[in-house]
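The values are calculated or read from the model by the stated rules, or taken from the named source; none is laboratory data. Bear in mind that the values here come from a model prediction, so they are computed numbers and not experimental data. Note: ideal-geometry Cβ built from the backbone for every residue, glycine included; neighbour counts use all protein chains shown.
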Number of protein chains: 4
Amino acid sequence: MAGSSFGTIFKITTWGESHGAGIGVVVDGCPAGLSLCEQDIQAYLNRRKPGQNRFSTPRKEDDTVEILSGVFEGKTTGTPISLLVRNTSQRSKDYSEISSYYRPGHADYTFDAKYGFRDYRGGGRSSGRETIGRVAGGAIAAKLLKELGITISTYTLSIGPVTISSYDEEEIYNNPLYMPDAMAAKLASDYLNQCMEEKNSSGGRIECVVKGLPAGLGDPVFEKLDANLAKAMFSIGAVKGFEIGDGMSVASATGLSNNDAFIKLEDGSIAKSTNHAGGILGGISDGSELVFRTAIKPTPSIAALQNTVNKSGEEIEISIKGRHDPIIVPRAVVVVESMTALVLADALLLNMTSRMDHIHKIYDFK
Amino acid sequence: MAGSSFGTIFKITTWGESHGAGIGVVVDGCPAGLSLCEQDIQAYLNRRKPGQNRFSTPRKEDDTVEILSGVFEGKTTGTPISLLVRNTSQRSKDYSEISSYYRPGHADYTFDAKYGFRDYRGGGRSSGRETIGRVAGGAIAAKLLKELGITISTYTLSIGPVTISSYDEEEIYNNPLYMPDAMAAKLASDYLNQCMEEKNSSGGRIECVVKGLPAGLGDPVFEKLDANLAKAMFSIGAVKGFEIGDGMSVASATGLSNNDAFIKLEDGSIAKSTNHAGGILGGISDGSELVFRTAIKPTPSIAALQNTVNKSGEEIEISIKGRHDPIIVPRAVVVVESMTALVLADALLLNMTSRMDHIHKIYDFK
Amino acid sequence: MAGSSFGTIFKITTWGESHGAGIGVVVDGCPAGLSLCEQDIQAYLNRRKPGQNRFSTPRKEDDTVEILSGVFEGKTTGTPISLLVRNTSQRSKDYSEISSYYRPGHADYTFDAKYGFRDYRGGGRSSGRETIGRVAGGAIAAKLLKELGITISTYTLSIGPVTISSYDEEEIYNNPLYMPDAMAAKLASDYLNQCMEEKNSSGGRIECVVKGLPAGLGDPVFEKLDANLAKAMFSIGAVKGFEIGDGMSVASATGLSNNDAFIKLEDGSIAKSTNHAGGILGGISDGSELVFRTAIKPTPSIAALQNTVNKSGEEIEISIKGRHDPIIVPRAVVVVESMTALVLADALLLNMTSRMDHIHKIYDFK
Amino acid sequence: MAGSSFGTIFKITTWGESHGAGIGVVVDGCPAGLSLCEQDIQAYLNRRKPGQNRFSTPRKEDDTVEILSGVFEGKTTGTPISLLVRNTSQRSKDYSEISSYYRPGHADYTFDAKYGFRDYRGGGRSSGRETIGRVAGGAIAAKLLKELGITISTYTLSIGPVTISSYDEEEIYNNPLYMPDAMAAKLASDYLNQCMEEKNSSGGRIECVVKGLPAGLGDPVFEKLDANLAKAMFSIGAVKGFEIGDGMSVASATGLSNNDAFIKLEDGSIAKSTNHAGGILGGISDGSELVFRTAIKPTPSIAALQNTVNKSGEEIEISIKGRHDPIIVPRAVVVVESMTALVLADALLLNMTSRMDHIHKIYDFK
């Protein structure tokens, strides 16, 4: 099926394989009149670029974005914005061996089961490079949100056994692991060094906090805001868990401990005294901070010996060579942020049509 | 927006409020030629019916389903199947009080924020009764899956502090909590009695295991099978966490411990020696059992005193009266199963078009 | 596939067969706060009701609509509006014969080809009764448009060889053929009498004019306003042609004769001196009247002898008995109007998100 | 809104403006295993290329297509196919003047009304160059259809007052007007010369005939095959009328003259003795030839003097300079064919899921 589009009104369509000509995205439905230049997008892409530290694959990829359409004289025109990133660091020989067998934890086997064959070079469409399109599109959504005063903070919450114990927003960009806690970042770094020595890899968690979101976004039944966030997060390869607010731990909570009391703020507005709900009630944003977490599995490509089978069904032992990150989490931080921005931009636009009084604000026929 | 439809090819559209004339669903895209009668659907609805034990609201609701269209001489015709359940146990006076204030943990406030006002009777569209449409539609999807040899087991994994420690499939239907472990069911029952005495409520977890699913379902990027399951689960009110396979715990795993080795079975087919992945790789089913869990928050309607504000913004104290389950989990088990069936039926149909050899099997032009 | 939904934001899903339990529609995405009662919808349904004159089947169908959800205290709530019309005039024996053969001009053969069998009673899902759901949904869309000052006039333009030569809006509802020209209505009536004597039937054309539509509705490429109108019209059974503005005759026009000059009105606004375009330029409404026509084929059910084959492939001669209109056009007038209202309501809502300045009007974050 | 995608399962998303960096399309949902190379697509693009005769703009555009993704070792992989055509013949100065006024018959005014401003260079997104994406995508759909034995013939039926009076399939590609009648082509050529002398332009009609289409494609209600064809045709700029089979003329036909009798062929299969219906009954293909026509308005850009207003609302006189075709029809022939192929490929894939016996053919679980 056609499974490469995301969103209803603010919609992206991504394309591209790891070792094809390039990776790209078409952003359709962005309102006209948003200021936009390549640097807005490049700044996001740079956050997922490899080779920035020793925990990231040493491949040199420029990942320079080109805006091909939809922007005129510095503003979006309301027509589709096509973005292209050429692949420039393809070493197809690195990957020729994996054409013959199924790497554990990868999509090699399932692609063959689905399509009958696969573009095996660097994982093809299931490569992490696929996320370039999401990040490029998400950068535009984030720009729109920012113009409305909505900001997203995304960071590494834990790596293997190391969880942050303090939060310093500025620190997020001071360490290569995007942790808001310098001490935790140091410990996590030590842990990752150990993983690499053991030819192994590590999982981790990413947390995301959105500020400035108005109440009313999301729809009551299937298009709940949290449902679309959950889909967005699980659409990112390697995500195995998603929780909002108190998340999985609500299972052992009680109504008294889990309910958030409504209160009146000094300015007369209504708020909640706590935020166990994570900013969503009944699938609709409640005006509190939106808070959620995802769990990312360890990089499946490891140099340690593993058992698997080849396409002939013979059991073999393999050691995966090549340039692989020992952890996916730090580079996935901006992917989580981008998908979040896409969900929120779409929900903002969709909510405009929820009430007759909104409609009268736009169509003023006197 | 139009947010009451779910699915692409096998699609349901639900409607109805707690205290309106009824609840219903239109199932569109069900293939022609599936045997179907009202009893197939009623059996599913009976599993979510209230009043079956002391942990469930004593409301008497018949919830009898009527097939209004789409079935002829005992078989689906390929045209939309409309199902109707009349509301018969409406006591609107029970709910009149809540029109004036915002119940903690409920969608009262967010509905007002979104729509400007709300049908406050029994929660209106955000009532648990909304799930009747999902279950009625899911029963049809499950029938289709069963005809293809695909079966779904869903059960209560934990209630408050009590988690199952053994698994007996038959036991699931022997206790009112739908737990596959009689001992755990006894302990959970004691715990719920205690919650009720304290005018409190409890959360819990539901687990779902699917057997017989072929490899190849789901699409690589945004329409990953796990992404659609995540959306389906979070579209159920009260769900706050979702995990597939090892779930959130992958964050502290390593590549060596988390990867599943491929092996060759005696019949020559390829399988995995473990199932940390929960049956999905790269968003596509891998032929193993599909395994996932959801966390359900405690019933927000509790009789204990709570603080909140009314529509005028005054802070007040409330005690929610009326007929409320002290736990949502047991009645949500069949909702989880129904949403799972809907996701899988849609994925099965969508995957038919993935390969040219499939197409030649259907269109044989000699 | 799931083919019974229409619209993106303002969406209807229809269901029901001629001789099933009933016909219905779910209207999803209607903004909250629109005044609505059953009479608003019934008034539209009455316009398509049969048995109102001698050119319409003498079946007595009450076609009384029930609102099952989505309206509270006289206003739409923003949640799905479910409408039900019970079938009450089913004489299944009338139709038993047609189960064995393929009626010319009907969908009997194609339903069998597609689904393997069919609900043959009264045409099943391909019956004209299917349009009840469209009209019920369209009545709500028309109510929304009217609140914004947008009105739709739909009428019979021609019947067989008789075309209107004058236009009197009030006359439309004075004659049973919905013609705005009393003289033409008289001639058409004579022609239809003659058709009936000859056991034959007639085709005709319907014209639709929309006033008060703002410029800017529709999108430049695939979601052109005229493209969606064309789809809407061709989704009505029996429509074989659609033209907007000068329509098919543009083929023999020149640029000089077909272009509409822009002019400045006294109030300073911009308009067009002519309207060959029919109110749409580049797929987007231009602020002029929207004008289009559809051609409706003659009723295929005729009492005259016809050749066809039965399901065994034997060639036979048939004469179709039962209660059939000698012309579809008059009853289709309100169907055309309803589908038009649905397209326009959706386009109005979708256009709200086209510009950043619109978005700032809704989300005012001080 | 996001209006640049077309199709449900076999879906294209187009992007690009006349004077931006390029034009492109993402084809998503194409089944894996279809042989495909750039030449397959280039052959279609060459049919719409300008500068091939004196009735086509003398701009030199190479319109060379590059496949950026989705094809591996000469076969489609099932993942999105991204196609790029760079714009190489941009003379922005040609168009600077039109930024200040509204050209009659063009979308200048409606774009401003919708978006607040526009990319005025060469018509921006409303340029005929937008169709490059459709043709590139349609070429892939046509390749898929051809592998199943389905072929499409599209040709110019009339230009101004000249209509073909004979049909010779080979002649279509022998004259620059794509007419299947050499005599008519000669007359039409004379007529166009006269139009050009008068600084005027001409409209015309395109006819399309599809052979080899199986019965059963399309869905009964809103997704009728003819409804999707109508939308596809009206999504092409300049189309003002669409008719299938006998089209608009059914309005003056009778049931006896318009019904097609079913007959039995010598091989035992069922067919129709005539084809007034144009190959579709009840929205579903009936196994006959699919036959339809579109009317294309005259090129609105003409050198003759025209009245219009500028953005300040002043009435002015203009003469449109630059390189413009005196007729759109010949270059639109391949656009009509491409959109047809897209509709049919999607309908073919969607119909695979219509029956349980189809499903059992794909999922054979023994």
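List the pairs whose first member sits in the stretch D:145-171 and is touching a residue at least 40 places away in the same chain (Cβ under 8 Å) and among the acidic types (Asp, Glu), whose second member is surrounded by fewer than 18 Cβ atoms within 10 Å (Cβ to Cβ) and in a strand (DSSP E or B), and whose Cβ atoms are under 9 Å apart, counting only residues at least 6 apart or on separate chains?
Sorted first by the residue in the stretch D:145-171, then by its partner, the pairs are D:GLU147/D:SER35.
Only one residue in B:ILE362, B:ILE296 is of a type in the set (Val, Ile, Thr), free of Cβ contacts under 8 Å to residues at least 40 places away in the same chain and touching a helix residue (DSSP H, G or I) at 6+ places or on another chain (Cβ under 6 Å). Which one?
B:ILE362
Pairs under 7 Å by beta carbon, first residue more than 14 Å from B:GLY255 (Cβ to Cβ) and at pLDDT 90 or above in the stretch A:306-332, partner in a strand (DSSP E or B) and charged (D, E, K, R), six or more apart or different chains?
Partner pairs satisfying both residue conditions: A:VAL309/A:GLU315; A:VAL309/B:LYS264; A:GLU315/B:LYS264.
Output the residue which, of all residues in the stretch C:11-37 that are more than 7 Å from every other protein chain (Cβ to nearest Cβ) and assigned to a loop (DSSP other than H, G, I, E, B), is farthest from C:THR64 (Cα to Cα).
C:CYS30
Can you give me the number of residues within the stretch D:282-315 that are facing chain C (nearest Cβ under 9 Å), of a type in the set (A, V, I, L, M, F, W, C), assigned to a loop (DSSP other than H, G, I, E, B) and surrounded by fewer than 24 Cβ atoms within 10 Å (Cβ to Cβ)?
1
Output the number of residues of the stretch D:261-273 satisfying the condition of being within 11 Å of C:TYR102 (Cα to Cα) and assigned to a loop (DSSP other than H, G, I, E, B).
So the count comes out to 1.
Exactly one condition in (1) among the aliphatic types (A, V, I, L, M); (2) out of contact with any Pro (no Cβ under 9 Å at 6 or more places or on another chain); (3) within 30 Å of C:GLY160 (Cα to Cα) is not met by D:ILE236; state its number.
Exception for D:ILE236: condition (3).
Hey, can you tell me all the residues within the stretch A:301-342 that are polar (S, T, N, Q) and either in contact with a helix residue (DSSP H, G or I) (Cβ under 8 Å, 6 or more places away or on another chain) or closer than 27 Å to A:ILE206 by Cα (or both)?
A:SER301, A:GLN306, A:ASN310, A:SER338, A:THR340
Determine which member of the set A:ILE359, A:ILE320 is part of a helix (DSSP H, G or I) and out of contact with any strand residue (DSSP E or B) (no Cβ under 6 Å at 6 or more places or on another chain).
Values: A:ILE320 fails: part of a helix (DSSP H, G or I).
Step by step, each of A:ILE359, A:ILE320 is checked, and only A:ILE359 is part of a helix (DSSP H, G or I) and out of contact with any strand residue (DSSP E or B) (no Cβ under 6 Å at 6 or more places or on another chain).
Just checking, does the stretch D:192-208 include any residue being within 14 Å of another protein chain (Cβ to nearest Cβ), over 24 Å from D:GLY237 (Cβ atoms) and not acidic (Asp, Glu)?
yes
Counting only residues that are in a loop (DSSP other than H, G, I, E, B) and of a type in the set (D, E, K, R), which one in the stretch C:201-233 is surrounded by the most Cβ atoms within 10 Å (Cβ to Cβ)? It would help to see each step written out before you state the result.
Of all residues in the stretch C:201-233, those in a loop (DSSP other than H, G, I, E, B) come to C:201, C:203, C:212-224.
Filter again for of a type in the set (D, E, K, R), leaving C:219, C:223-224.
Numbers: C:ASP219: 28, C:GLU223: 22, C:LYS224: 25.
Taking the candidates together, the pick is C:ASP219.
Considering every residue within the stretch A:185-199, establish whether at least one is at pLDDT 95 or above, of a type in the set (Asp, Glu) and buried (at least 19 other Cβ atoms within 10 Å of the Cβ).
No.
Take the stretch A:276-324 and flag every residue that is in contact with a Phe, Trp or Tyr (Cβ under 9 Å, 6 or more places away or on another chain), closer than 30 Å to A:ALA261 by Cα and hydroxyl-bearing (Ser, Thr, Tyr).
Scanning the stretch A:276-324 gives a single hit, A:THR294.
If I ask for residues that are facing chain C (nearest Cβ under 8 Å) and either out of contact with any Phe, Trp or Tyr (no Cβ under 9 Å at 6 or more places or on another chain) or of a type in the set (Ser, Thr, Tyr) (or both), which ones from the stretch D:224-238 would you list?
D:SER235, D:GLY237
Inside the stretch C:209-221, can you point out the residues that are within 12 Å of another protein chain (Cβ to nearest Cβ) and under 17 Å from C:PHE242 (Cβ atoms)? Don't jump to the end; show me each part of the working.
Here is the first cut: in the stretch C:209-221, the ones within 12 Å of another protein chain (Cβ to nearest Cβ) are C:211-221.
C:GLY218 - this is the single residue of the stretch C:209-221 that is within 12 Å of another protein chain (Cβ to nearest Cβ) and under 17 Å from C:PHE242 (Cβ atoms).
If I ask for residues that are farther than 17 Å from A:GLY282 by Cβ and in a loop (DSSP other than H, G, I, E, B), which ones from the stretch A:234-260 would you list?
A:SER235, A:ILE236, A:GLY237, A:ALA238, A:ALA253
Just to check your reading of the model, which residue among D:ASP325, D:ASP346 is within 14 Å of chain B (Cβ to nearest Cβ) and either in contact with a His (Cβ under 9 Å, 6 or more places away or on another chain) or of a type outside the set (Lys, Arg) (or both)?
Every option except D:ASP346 fails the conditions.
Taking only the stretch D:251-276 into account, find how many residues are at the interface with another protein chain (Cβ under 7 Å from one of its Cβ atoms) and either closer than 22 Å to C:SER319 by Cβ or at pLDDT below 95 (or both).
13
Identify the residue in the stretch C:239-250 that is in contact with a Phe, Trp or Tyr (Cβ under 8 Å, 6 or more places away or on another chain) and not small (Gly, Ala, Ser) and, among all such residues, is nearest to the other protein chains (Cβ to nearest Cβ).
It comes out as C:GLU243.
Among the residues of the stretch A:332-361, count how many are surrounded by fewer than 22 Cβ atoms within 10 Å (Cβ to Cβ) and charged (D, E, K, R).
Matching residues across the stretch A:332-361 total 2.
Please work out which residue is nearest to the chain's Cα centre (by Cα), limiting yourself to the stretch B:181-200 and to residues that are in a loop (DSSP other than H, G, I, E, B) and within 23 Å of A:ASP246 (Cβ to Cβ).
Among residues in the stretch B:181-200 that are in a loop (DSSP other than H, G, I, E, B) and within 23 Å of A:ASP246 (Cβ to Cβ), the one nearest to the chain's Cα centre (by Cα) is B:ASN200.
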